[in-house]
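K.L.:
Before I ask anything, let me first share the structure, which is written out below as structure tokens.
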Amino acid sequence: MLRIKDTQEYLEDEVIVEYSLSIYLNGRYFITLLCTPDSLEELTVGYLYSESVISSMENLENVEIDEAKGKAMVRLKNEDVFSYMGDNLISQKTVTTGCGRGRTITFPIVADGIEKKIIPIEMDPDRIFELMNLFNKMSKLFESTGGVHSCALCNYDEIIYFEDDIGRHNALDKILGRALIDGLELS
């Protein structure tokens, strides 16, 4: 409801939904992410990768999403995953969408020392602006709600993946997860 100088006007507006996704590793609760309820498998895989819980898809046996219950059941090939942090989790952990403030926990379970190499690419600045213009037109969810962050992965020619989420870190994790699931080389 909008009030302007003692008058009332009713407006209809679309708002973004915040969804709770709890991730379970090998049958045990791990963490809850607050997110936009789409691309949940990609978010789960990307989050586990970005937090160094997995170093590749080879560490995963399977991922099952129960959207109705807000659960991601992840089976890791490493059955002894909790030996790195002790047998008992002290409390539930929730990663909020607080503009980076929610991303304060890390579980370095797979610390295999793999060095990540970034291969530099050269791009024409005009091409970067062209891709950015395309990127800015892609988010129908932002256009309708104004309440999401967007992220994309592109090469010189095109935008390969595009994701939205209420948390910018989630949007990036969705991109990482999709790339890992598809076997896309990210160097």
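K.L.:
Give, as a single signed number, the net charge of other residues whose beta carbon lies under 15 Å from the beta carbon of Ser139, with Lys and Arg counted +1 and Asp and Glu -1.
P.N.:
-2
K.L.:
At a Cα cut-off below 23 Å, give the lysines reachable from Lys117, other chains included and same-chain residues fewer than 8 away excluded.
P.N.:
Correct list for Lys117: Lys174.
K.L.:
In sequence order, what are the phi-derived ³J(HN,Hα) couplings for the stretch 69-77 according to the Karplus relation 6.51 cos²θ - 1.76 cosθ + 1.60 with θ = phi - 60°, rounded to whole Hz, with x for glycine and proline?
P.N.:
After applying 6.51 cos²θ - 1.76 cosθ + 1.60, I find 9, x, 10, 10, 9, 10, 9, 8, 5 Hz.
K.L.:
Ok, one more. Using only the alpha-carbon atoms, what does the stretch 1-69 span along each of its principal axes? Please give whole angstrom values in decreasing order.
P.N.:
62, 22, 17
K.L.:
Further question on the same structure: Using a 1.4 angstrom probe with every protein chain in place, what is the largest-first accessible-area order of Thr7, Thr145, Thr36?
P.N.:
The ranking, largest first, comes out as Thr7, Thr145, Thr36.
The values are calculated or read from the model by the stated rules, or taken from the named source; none is laboratory data. These numbers come from a predicted model, not from an experiment. Note: ideal-geometry Cβ built from the backbone for every residue, glycine included; neighbour counts use all protein chains shown. Note: areas computed on protein heavy atoms with side chains; ligands, DNA, RNA excluded. Shrake-Rupley method; radii C 1.70, N 1.55, O 1.52, S 1.80 Å.
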